[in-house]
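The values are calculated or read from the model by the stated rules, or taken from the named source; none is laboratory data. If you're wondering where the values come from, they're calculated on a predicted model, not measured in any experiment. Quick reminder, even Gly has a Cβ in these numbers, built from the backbone with ideal geometry, and neighbours come from all protein chains shown. Only protein heavy atoms, including side chains, enter the accessible area calculation; ligands, DNA and RNA are left aside. Shrake-Rupley method; radii C 1.70, N 1.55, O 1.52, S 1.80 Å.
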Amino acid sequence: RKSVVRITTGSQALDELLGGGIETLCITEAFGEFRSGKTQLAHTLCVSTQLPLHMHGGNGKVAYIDTEGTFRPERIVPIAERFGMDANAVLDNIIYARAYTYEHQYNLLLGLAAKMAEEPFRLLIVDSVIALFRVDFSGRGELAERQQKLAQMLSRLTKIAEEFNVAVYITNQVIADPGGGMFITDPKKPAGGHVLAHAATIRLMLRKSKGEQRVCKIFDAPNLPEGEAVFQITTGGLMD
Ligand code: GTP
Ligand code: MG
């Protein structure tokens, strides 16, 4: 039996909310409006995952699937320095791939699983898990097929989490509600419907506050008490 590893987010308040950090063996989802910190959390985890266990890291490599083209290697440098790590070594341990279609995204996962069988990975990021599905299945009447393909992708992610004792961190968008004839995004409604709700064990809702301050709320997590944590986005990554 594999034992859970919890990886620090860089913020003690957020770690405490999560019962120690982002967990291996399951999927953690973050959703929220633009600039709420989903991608910045991903960047911080890219580094903290490589910390030794006694420093609340995962002592492992990171795989990053980027569907929006928002990964910034230069952001990794100050985050690595903040944790006292060598930035080049940290960058070398991040396997990065840009996905352009949902099929491409799926195929990348197959390739990664082969890599994870050979090398010690502790984190897989998919930022965002749903963007390409919303592009590739944008037509009327395609929703059922989209949800079926999304379910396939998510079940692959769950399998990777369990097989390789990896934390899977996915980001999700909020839905655009055609309310009042205008498309208004609702920051409290994650996209992906029941399929995503079912696959993600821990669902986090992020929102903006003053300046670089952000708030994370537990949206759904069977083993965590309800609550919120306040954190800051800094050049050195997430902090209290
Ligand atoms: P979308 O992908 O657009 O939905 O947003 P997101 O939730 O992924 O937001 P993201 O994580 O990209 O957060 C962007 C915000 O992080 C910026 O608006 C800044 O406030 C903050 N940020 C990004 N880089 C830095 C940095 O180097 N220093 C500081 N202090 N803040 C930063
Ligand atoms: Mg983002």
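Considering only A13, A151, A176, the Gaussian network model of the chain with Cα springs below 10 Å gives its largest mean-square fluctuation to A176.
Net charge dipole, region 1-91: roughly 220 debye, given to the nearest 20, about the Cα centre with Cβ charges of +1 for Lys and Arg and -1 for Asp and Glu. Taken along the Cα-to-beta-carbon direction at a fixed 7 Å, the label points for L91 and E228 span 3.8 nm. Between the listed residues V129, A191, G111, the Cα displaced farthest toward the positive end of the dipole of the chain, a dipole computed from Cβ unit charges relative to the Cα centre, is found at A191.
Working out 0.36 nm times the residue gap between E16 and A197, then minus their Cα-Cα distance, what length gain in nm do you get to one decimal?
On the way: separation 181, 0.36 × 181 = 65.16 nm, distance 2.29 nm.
Difference between extended and current length: 62.9 nm.
Over the chain, accessible surface divided per residue gives 46 Å², non-protein components excluded, 1.4 Å probe.
Carbon and sulfur: what percent of region 88-195's accessible surface (1.4 Å probe)?
54 percent
Identify which of G69, G21, G57 has the largest mean-square fluctuation in a Gaussian network model of the chain, with springs joining Cα atoms closer than 10 Å. Sorting by GNM fluctuation, first place goes to G69.
By the helix-only formula, in which each DSSP H run with n ≥ 4 contributes -39500 (n - 2.57) and the sum is divided by residues, the chain has a 222 nm mean residue ellipticity of -10500 deg cm²/dmol. Each Lys and Arg Cβ is given +1 and each Asp and Glu Cβ -1; about its Cα centre, the chain then shows a dipole of about 240 debye.
So how do F219, F231 rank on accessible area, 1.4 Å probe, biggest first, that is with the largest at the start?
Largest accessible area first, the list is F219, F231.
Placing a pseudo-label 7 Å from each Cα along the Cα-to-Cβ vector at H54 and R35 gives an inter-label distance of 4.2 nm. Pairs exceeding a 27 Å alpha-carbon distance, out of K149/K188; K61/K159; K38/K149; K159/K210; K2/K61; K61/K208: K159/K210; K61/K208. Note on the chain: dipole from Cβ charges, positive end direction compared against S138, P73, G60; the farthest Cα belongs to S138. Working from label points 7 Å from Cα in the Cα-to-Cβ sense, the D220 to Y106 distance is 2.3 nm.
Can you tell me the relative contact order of the chain? Whole percent, Cα pairs under 8 Å, sequence separation 6 or more.
Computed value for the chain: 29 percent relative contact order.
Taking a ≥ b ≥ c as the square roots of the eigenvalues of the Cα gyration tensor, an a/c ratio of 1.5 or more together with a/b no larger than b/c marks region 67-121 as oblate.
Ignoring aspartates and glutamates fewer than eight residues from K189 along the same chain, the ones with Cα atoms less than 16 angstrom from its Cα are E29, E33, D177, D220. Secondary structure note: in the chain, about 45% of the DSSP beta bridges are antiparallel. The fraction of accessible area contributed by carbon and sulfur in region 1-77 is 50 percent, rounded to a whole number (1.4 Å probe; ligands and nucleic acids excluded). You can think of it this way: the chain between S209 and D240 has 9.8 nm of extra reach, that is 0.36 nm per residue less the Cα-Cα gap.
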